[in-house]
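*Asks:* One structure coming up, written as structure tokens, with questions to follow.
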Amino acid sequence: MTLTLAADPVPLKLDEDGVVRVAGTRVTLDTLVAAWRDGATLETIVEQYPVLHLADVYTALGYYLRHQSEVDAYLERRRQQAEQVRRDNEARTNPIGIRDRLLARRKGGG
């Protein structure tokens, strides 16, 4: 029997919103990289996200390591977008006193 060497496809897909996810899951590349940077082992990541397959996590993080500058630029853009969404939300709704307003609404029945 001969071992056939073939490159496995990277299990990452770009969704309709421009977010890179592990194929077939809702787990983002952002999540994998952040967990790994925080010191989680790949096995721990799979325990935390049982929808993931260990081989896919290894391949996805291998892709990150081979394309670190591009992925880091993508992650930075995502961070900036999230920050802008937070600022936009805060501009629409003053967060100061929100707990009191919600509690008052609850007591008022509406």
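The values are calculated or read from the model by the stated rules, or taken from the named source; none is laboratory data. If you're wondering where the values come from, they're calculated on a predicted model, not measured in any experiment. Counting neighbours? That spans all protein chains shown, and the Cβs are built from the backbone with ideal geometry, glycine included.
*Asks:* Looking for whichever is among the small types (G, A, S), in contact (Cβ under 8 Å) with a residue 12 or more places away in the chain and not in a loop (DSSP other than H, G, I, E, B) here; the options are A60, A104. Which one fits? Walk me through it before giving the result.
*Replies:* On the way: A104 fails: in contact (Cβ under 8 Å) with a residue 12 or more places away in the chain.
From the options A60, A104, the qualifying one is A60.
*Asks:* Could you give every pair whose Cβ atoms fall below 8 Å, whose first residue belongs to the range 26-39 and is more than 14 Å from G62 (Cα to Cα), and whose second residue is hydroxyl-bearing (S, T, Y), counting only separations of at least 6 or pairs across chains?
*Replies:* V27/Y49; T31/Y49; A35/T44
*Asks:* Before we move on, is A55 in a helix (DSSP H, G or I) and either within 19 Å of R79 (Cβ to Cβ) or under 16 Å from the mean Cα position of the chain (by Cα) (or both)? Walk me through it before giving the result.
*Replies:* Numbers: in a helix (DSSP H, G or I): yes; either within 19 Å of R79 (Cβ to Cβ) or under 16 Å from the mean Cα position of the chain (by Cα) (or both): no.
No; evaluated as a whole, the condition is false for this residue.
*Asks:* Right, next: Kindly establish whether V10 is out of contact with any helix residue (DSSP H, G or I) (no Cβ under 8 Å at 6 or more places or on another chain), part of a loop (DSSP other than H, G, I, E, B) and either at pLDDT 95 or above or surrounded by 12 or more Cβ atoms within 10 Å (Cβ to Cβ) (or both). Quick ask: steps written out before the conclusion?
*Replies:* Details: out of contact with any helix residue (DSSP H, G or I) (no Cβ under 8 Å at 6 or more places or on another chain): no; part of a loop (DSSP other than H, G, I, E, B): yes; either at pLDDT 95 or above or surrounded by 12 or more Cβ atoms within 10 Å (Cβ to Cβ) (or both): yes.
It is false that V10 is out of contact with any helix residue (DSSP H, G or I) (no Cβ under 8 Å at 6 or more places or on another chain), part of a loop (DSSP other than H, G, I, E, B) and either at pLDDT 95 or above or surrounded by 12 or more Cβ atoms within 10 Å (Cβ to Cβ) (or both).
So that you can scan it fast, the table gives a plain yes or no per residue for (1) within 30 Å of L29 (Cα to Cα); (2) exposed (fewer than 11 other Cβ atoms within 10 Å of the Cβ):
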site: P50; (1), (2): yes, yes
site: Y64; (1), (2): yes, no
site: E83; (1), (2): yes, yes
site: R101; (1), (2): no, no
